[in-house]
1. Can you pull out the residues in region 162-181 that are closer than 30 Å to GLY254 by Cα and either part of a loop (DSSP other than H, G, I, E, B) or modelled with pLDDT of 85 or more (or both)?
2. Only one residue in LEU190, LEU166 is out of contact with any strand residue (DSSP E or B) (no Cβ under 8 Å at 6 or more places or on another chain), surrounded by fewer than 20 Cβ atoms within 10 Å (Cβ to Cβ) and either charged (D, E, K, R) or free of Cβ contacts under 8 Å to residues at least 40 places away in the same chain (or both). Which one?
3. Specify which of the listed residues (ARG95, ARG88) is within 15 Å of SER157 (Cβ to Cβ) and either among the basic types (Lys, Arg) or exposed (fewer than 12 other Cβ atoms within 10 Å of the Cβ) (or both).
4. Need pairs with beta-carbon distance below 8 Å; first residue over 18 Å from ILE144 (Cβ atoms) and within region 99-123, second surrounded by 12 or more Cβ atoms within 10 Å (Cβ to Cβ) and not small (Gly, Ala, Ser); sequence gap 6+ or separate chains.
5. Taking the conditions exactly as written (closer than 16 Å to LEU248 by Cα, among the polar types (S, T, N, Q) and either surrounded by 12 or more Cβ atoms within 10 Å (Cβ to Cβ) or in contact with a Gly (Cβ under 7 Å, 6 or more places away or on another chain) (or both)), does SER71 satisfy them or not?
6. Inspect all residues belonging to region 196-204 and state whether any of them is touching a residue at least 12 places away in the same chain (Cβ under 8 Å), in a helix (DSSP H, G or I) and over 13 Å from the mean Cα position of the chain (by Cα).
7. Scanning for something over 14 Å from the mean Cα position of the chain (by Cα), buried (at least 20 other Cβ atoms within 10 Å of the Cβ) and outside any helix (DSSP H, G or I), does region 150-161 turn up at least one residue?
8. In the set LEU225, LEU241, which member is modelled with pLDDT of 85 or more, over 30 Å from VAL122 (Cα atoms) and either part of a helix (DSSP H, G or I) or among the aromatic types (Phe, Trp, Tyr) (or both)?
Amino acid sequence: MNQRSTFIFSMLCFGFAFLYIPILLVIIYSFNDSRLVTVWGGWSIRWYIELLNNENILNAALLSFRIAAISATVATIFGTMAGLILARLRAFKGRLLFTGMIAAPLVMPEVITGLALLLFFVSLQNLIGWPSQRGMNTITIAHITFSMAYVAVIIQSRLTEINESLEEAALDLGARPARVIWDITLPIILPAMVSGWLLAFTLSLDDLVISSFVSGPGATTLPMLIFSKVRLGIAPDINALATILILLVTIGVGIAGWIMHRQKQSKTIS
């Protein structure tokens, strides 16, 4: 191994260690029997038991997962439509404005986005009486607004790599455009849609700033609850909660990777 390869390998190991050692420490200390997170008191699952008996955390987690699932699904649908428009309709009136509107949530600071959405919901409430109060619905709409842009970028980048000859051949054979999209385009971009859904789900589950602006009484998401608890000091049950979230994310990523691998194998066989 030459000097350049040794340096690259060392930097790679340092990068992975910097990313994953803190996560490993969180997992280890989630089994700490001591109430003080900085003092090791032996192995125990007491904090997982207390976590499962904590209704506030369970309700916040359930609310966050519901919001994340709904917002990711809707954002994937609209983001796919936007990506198709950007990739296939290359010349239409207002394309520049449409592209800018899609890209705006990607570069806009979350504080400004949250404040703008708050003013929007307050204005709607004064004009038409909806929403009557801020809660799950307003948080879901806010998450759809910014996560849809990420899905659109993923879908557009995937479509630009696809040869359009398959779609053109189907149109030449008499297939309707809607049928071509359903039978040819969507199966091809399915891995990108899965990736976009996972990214939108993660962004929604992780969001704190925007949710804090558009939430109301009785609508506390999991990041908001964790942030409020951490401000008073890190509790051991937070480590247990973080470990469970890490496990769920790992399972989700593994399932998505398996789906993409199976689809790649089917393409190779065909």
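1. The answer is ILE162, ASN163.
2. It is LEU166.
3. One residue alone meets the criteria, ARG88.
4. Partner pairs satisfying both residue conditions: THR99/LEU86; VAL111/VAL209.
5. Considered against the rule, which asks whether it is closer than 16 Å to LEU248 by Cα, among the polar types (S, T, N, Q) and either surrounded by 12 or more Cβ atoms within 10 Å (Cβ to Cβ) or in contact with a Gly (Cβ under 7 Å, 6 or more places away or on another chain) (or both), SER71 comes out as no.
6. Looking through region 196-204, none of the residues is touching a residue at least 12 places away in the same chain (Cβ under 8 Å), in a helix (DSSP H, G or I) and over 13 Å from the mean Cα position of the chain (by Cα).
7. No, region 150-161 contains no residue that is over 14 Å from the mean Cα position of the chain (by Cα), buried (at least 20 other Cβ atoms within 10 Å of the Cβ) and outside any helix (DSSP H, G or I).
8. After ruling out the rest, the residue left standing is LEU241.
The values are calculated or read from the model by the stated rules, or taken from the named source; none is laboratory data. Since this is a predicted model, take the numbers as computed values, not measurements. Heads up, the Cβs are rebuilt from the backbone with ideal geometry, glycines too, and the neighbour counts pull from every protein chain shown.
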